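The values are calculated or read from the model by the stated rules, or taken from the named source; none is laboratory data. These figures come from a predicted structure and were not determined experimentally. Positions of Cβ are generated from backbone atoms using ideal geometry, with glycine treated the same way; all protein chains shown enter the neighbour counts.
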Amino acid sequence: MPIYQSATFSSADAAELAAVLTDQEPGYAYSRVDNPTTAALATAVAELEGAETGYAFASGMAAIHAALLSLVGAGDRIVATRAVYGSTRSLLARVLTRLGVAVEWVDVADLDGVERALVQAPARVLYAETISNPTIVVADHRALADLAHRHGAVYVVDNTFASPYLCRPVELGADLVVESATKYLSGHSDVLAGVVAGSRERVAAVRDVQIDTGGSLAPLAAFLVLRGLPTLALRMERHSDSAAALAAWLERQAGVERVIHPSLASHPQRAVADRQLARGGGMLAVQLTGGRAAGAAFIDALAFTERTASLGSVHTMVVHPPSTTHRQLDDAALRDAGIAPGLLRISVGLEDPEDLQADLERGLAAATAVDRVPVVRDR
Ligand SMILES: Cc1ncc(COP(=O)(O)O)c(C=O)c1O
């Protein structure tokens, strides 16, 4: 797909320009609205997601923002998963509530609790992540979509951690799928992008918001994400193999309280994962016994693995969410989101798993050393 590096596109005459600008005729007039390269990306991702159509954005957050604004206004209510990416939580709790939208937080693994929240007052949206950031809760899309529809809500799913290779939420009943293409879809941590996929009618409403809010994806960025798509399947297989092997190994190590990965028998939603995910994916969470200081010591000791706030890349990345991705949350909100102070999130890359294990061994040695010196930990 060529990079249509152009802000504007000319028409044959005034009538054609007017028809394109008002969607009476297909075509391109202005790249904030539509651009051939970004449209090709949106179409490709919609196809992967099994959705009718899609629309691309400058980032995952731009996609989530436009998707939600297409559905809610002042006086509306959103029921949202408590286990959610930090900026999404902030968008809901700070930005949308300031505009008069009410947000109710639920545990999506507790279907009775979700139903109670939907029954308590009318909700416009039920919002979940296929695999949650950073606590790896797996949402039962079929059950949640049924509940949403029974109670008149639109079911919106963030599929970033899974990618359409592991899960296709639209086929399980989701109305709109939002995704940060910055992560697995592009795969190489060299571009920011987002996508929304769903029915023609719902995506048209999202596009209308985007036209007026302007989070447009640049054509070069769309090209870079498109370049990642042909290797998505290969990458997701390798991410899943390596993450499953490391998760099983980590579960046996000293200083580790808990490992959370959909491939483990100990995962609380293992049955849902078996039904709904093609593989376990590349994201895993590790809870260290030593708490916050052990988490910091662990990442400081890594020699090979990237210390960064992103995920879904060819490179392995380890983050300590309380100090990075979820830094917007105070201690109470962290607890509410189920995030322990010693929680590490590992995005397992494509490197040799033996090299990765050796690096994690270094991290664990540093973490357990801190754990044995309580004076240091208490400071
Ligand atoms: C689950 C999830 N959704 C959305 C986003 C936002 O994506 P972006 O950084 O492309 O705006 C992220 C970013 O980390 C994420 O992890």
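Any residue that is part of a helix (DSSP H, G or I), surrounded by 24 or more Cβ atoms within 10 Å (Cβ to Cβ) and away from the ligand (no atom under 11 Å from the Cβ) - is there at least one of those in the stretch 174-195? No: zero hits.
For the stretch 107-117, state whether one or more residues are within 16 Å of the ligand (Cβ to nearest atom), surrounded by 24 or more Cβ atoms within 10 Å (Cβ to Cβ) and not in a helix (DSSP H, G or I). Spell out how you get there, then give the answer.
Of the stretch 107-117, the ones within 16 Å of the ligand (Cβ to nearest atom) are 108.
Going one step further and asking which of them are surrounded by 24 or more Cβ atoms within 10 Å (Cβ to Cβ), we end up with 108.
If we keep only those that are not in a helix (DSSP H, G or I) as well, we get 108.
There is at least one residue in the stretch 107-117 that is within 16 Å of the ligand (Cβ to nearest atom), surrounded by 24 or more Cβ atoms within 10 Å (Cβ to Cβ) and not in a helix (DSSP H, G or I).
If we keep just the residues of the stretch 196-215 that are among the aliphatic types (A, V, I, L, M) and assigned to a helix (DSSP H, G or I), which is nearest to residue 236 (Cα to Cα)? I'd like the intermediate steps shown before the answer.
Let us first name the residues in the stretch 196-215 that are among the aliphatic types (A, V, I, L, M), namely 196-197, 203-206, 209, 211.
Now narrow it down to the ones that are assigned to a helix (DSSP H, G or I): 203-206, 209, 211.
Working: 203: 27, 204: 30, 205: 31, 206: 28, 209: 32, 211: 33 Å.
If we take residues in the stretch 196-215 being among the aliphatic types (A, V, I, L, M) and assigned to a helix (DSSP H, G or I), then 203 is nearest to residue 236 (Cα to Cα).
Residue by residue through the stretch 118-164, note down the ones that are closer than 24 Å to residue 180 by Cβ and assigned to a helix (DSSP H, G or I). Hits for the stretch 118-164 are 141, 142, 144, 145, 148, 163, 164.
Applying the selection to the stretch 143-161, what residues are within 16 Å of the ligand (Cβ to nearest atom) and either of a type in the set (A, V, I, L, M, F, W, C) or more than 22 Å from the chain's Cα centre (by Cα) (or both)? Walk me through how you get there before you give the answer.
The initial filter retains those residues of the stretch 143-161 that are within 16 Å of the ligand (Cβ to nearest atom), namely 156-161.
Those that are within 16 Å of the ligand (Cβ to nearest atom) and either of a type in the set (A, V, I, L, M, F, W, C) or more than 22 Å from the chain's Cα centre (by Cα) (or both): 156, 157, 161.
Within the stretch 8-26, the residues that satisfy the criterion of being surrounded by fewer than 16 Cβ atoms within 10 Å (Cβ to Cβ) and assigned to a loop (DSSP other than H, G, I, E, B) are 10, 12, 13, 22, 23, 24, 25, 26.
Applying the condition of being assigned to a strand (DSSP E or B) and buried (at least 22 other Cβ atoms within 10 Å of the Cβ) to the stretch 64-89 and asking which residue is farthest from the ligand (Cβ to nearest atom) yields 79.
With respect to residue 328, determine if the residue is modelled with pLDDT under 85, polar (S, T, N, Q) and surrounded by fewer than 19 Cβ atoms within 10 Å (Cβ to Cβ). Talk me through it step by step, then tell me what you get.
Working: modelled with pLDDT under 85: yes; polar (S, T, N, Q): yes; surrounded by fewer than 19 Cβ atoms within 10 Å (Cβ to Cβ): yes.
Taking the combined requirement at face value, the residue satisfies it.
Looking at (1) within 16 Å of the ligand (Cβ to nearest atom); (2) buried (at least 21 other Cβ atoms within 10 Å of the Cβ); (3) outside the structural domain of residue 365 (by TED's automatic domain parsing), which is the only condition residue 219 fails? Answer for residue 219: the failing condition is (1). Filtered by the rule that a residue be surrounded by 19 or more Cβ atoms within 10 Å (Cβ to Cβ) and within 16 Å of the ligand (Cβ to nearest atom), the stretch 287-314 gives 311, 312, 313. Selection of the stretch 27-43 for residues being out of contact with any helix residue (DSSP H, G or I) (no Cβ under 6 Å at 6 or more places or on another chain), in contact (Cβ under 8 Å) with a residue 24 or more places away in the chain and not in a loop (DSSP other than H, G, I, E, B) yields 36, 40, 42. Pairing residues of the stretch 286-315 that are within 21 Å of residue 225 (Cα to Cα) with residues that are more than 16 Å from the ligand (Cβ to nearest atom), at Cβ distances under 7 Å and at least 6 apart in sequence or on separate chains, gives 314/350.
Please tell me if residue 334 is assigned to a loop (DSSP other than H, G, I, E, B) and surrounded by fewer than 23 Cβ atoms within 10 Å (Cβ to Cβ).
no
If you check residue 129 against the conditions, is it within 11 Å of the ligand (Cβ to nearest atom) and not polar (S, T, N, Q)? Before you say what the answer is, go through the steps one by one.
Working: within 11 Å of the ligand (Cβ to nearest atom): yes; not polar (S, T, N, Q): yes.
Spelling it out, residue 129 is indeed within 11 Å of the ligand (Cβ to nearest atom) and not polar (S, T, N, Q).
For residue 102, the criteria (1) out of contact with any Phe, Trp or Tyr (no Cβ under 8 Å at 6 or more places or on another chain); (2) of a type in the set (Gly, Ala, Ser); (3) over 30 Å from residue 324 (Cα atoms); (4) in the same structural domain as residue 137 (by TED's automatic domain parsing) hold in every case but one, which is (3).
Condition first: over 17 Å from residue 48 (Cβ atoms) and within 16 Å of the ligand (Cβ to nearest atom). Now tell me which residues in the stretch 196-208 satisfy that. Hit for the stretch 196-208 is 206, nothing else.
Take the conditions (1) over 17 Å from the mean Cα position of the chain (by Cα); (2) buried (at least 20 other Cβ atoms within 10 Å of the Cβ); (3) of a type outside the set (Ser, Thr, Tyr); (4) within 15 Å of the ligand (Cβ to nearest atom); residue 284 misses just one of them, which is (1). Do the conditions hold for residue 60, that is, is it within 16 Å of the ligand (Cβ to nearest atom), over 16 Å from residue 196 (Cα atoms) and either crowded, with 19+ Cβ neighbours inside 10 Å or outside the structural domain of residue 186 (by TED's automatic domain parsing) (or both)? Criteria not met by residue 60.
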